[in-house]
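The values are calculated or read from the model by the stated rules, or taken from the named source; none is laboratory data. Since this is a predicted model, take the numbers as computed values, not measurements. Every residue, glycine among them, receives a Cβ derived from its backbone with ideal geometry; neighbour counts consider all protein chains shown.
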Amino acid sequence: MSRLWADRPTTVATILTLVGIGIAGYLTYVHYEGLSPVCTTGGCERVQASSYSEIGPIPVALLGLIGYVLILFSLFVPGELGRAMTFMFTLTGFAFSIYLTYLELFVIDAICQWCVGSAVVMTLLFIASAVRLLRPAAPARPAPG
């Protein structure tokens with residue numbers, strides 16, 4: 001078994017990151033294609049069309065996609081450097097998710113299910129990365145002999 005899969009926090013973080021890439025990738029696609037996102041809450045289009053959906057010329061969804069890709073990359077960097085990188089990326093993403101959730105609730109007055117999903121994924125990623133940082137990866141098991 002590879003070391004990645006023997007380390008549960010890393011396995012969980014990898015799966016969560018792939019989910020986050022899916023969400024952010026979908027929202028980035030919707031943005032650039034000018035489509036309305038599939039939505040059960042009724043607020044996704046309003047959030048996507050708000051002035052807060054872009055920072056300058058860059059869609060927030062694209063920033064999220066880039067962030068998730070950086071997190072995925074950092075999960076494969078060995079040792080303390082990789083754990084610290086993952087923690088810093090997820091801390092930044094978590095803080096940005098809190099800010100975006102605040103905007104949804106108190107400024108835009110609309111909830112986007114995709115944004116909530118991404119915020120939940122990022123929160124769980126932040127927790128997993130903190131566990132990885134505080135509890136280094138387990139050593140690989142020796143092959144049966």
Matching residues in the stretch 27-75 (in contact with a Ser or Thr (Cβ under 7 Å, 6 or more places away or on another chain), closer than 19 Å to Ile108 by Cβ and of a type in the set (Phe, Trp, Tyr)) number 0
So the helices (runs of 4 or more DSSP H) completely within the stretch 1-103 holding 3 or more residues that are out of contact with any helix residue (DSSP H, G or I) (no Cβ under 9 Å at 6 or more places or on another chain), small (Gly, Ala, Ser) and farther than 16 Å from Ala119 by Cβ are none
The residue that is surrounded by the fewest Cβ atoms within 10 Å (Cβ to Cβ), considering only those in the stretch 26-47 that are in contact (Cβ under 8 Å) with a residue 60 or more places away in the chain and over 20 Å from the mean Cα position of the chain (by Cα), is Thr40
Return yes when Arg135 is charged (D, E, K, R), farther than 23 Å from Tyr32 by Cβ and buried (at least 18 other Cβ atoms within 10 Å of the Cβ) and no when it is not. no
- Qualifying residue in the stretch 3-11 (condition: surrounded by fewer than 17 Cβ atoms within 10 Å (Cβ to Cβ) and farther than 17 Å from Ala128 by Cβ): no
task = Look at Phe87 and say whether it is closer than 19 Å to Ala130 by Cβ and in contact (Cβ under 8 Å) with a residue 40 or more places away in the chain.
result = yes
(1) more than 17 Å from the chain's Cα centre (by Cα); (2) in a helix (DSSP H, G or I) all hold for Ile111 apart from (2)
For the stretch 118-133 the number of residues that are in contact (Cβ under 8 Å) with a residue 12 or more places away in the chain and within 10 Å of Val19 (Cβ to Cβ) is 4
Return yes or no: is Ile55 at pLDDT 95 or above and over 13 Å from the mean Cα position of the chain (by Cα)? yes
All conditions in (1) surrounded by 18 or more Cβ atoms within 10 Å (Cβ to Cβ); (2) over 24 Å from Tyr29 (Cα atoms); (3) among the β-branched types (Val, Ile, Thr) are true of Val77 except (1)
Determine if the stretch 82-101 includes at least one residue that is hydrophobic (A, V, I, L, M, F, W, C) and modelled with pLDDT under 95.
no
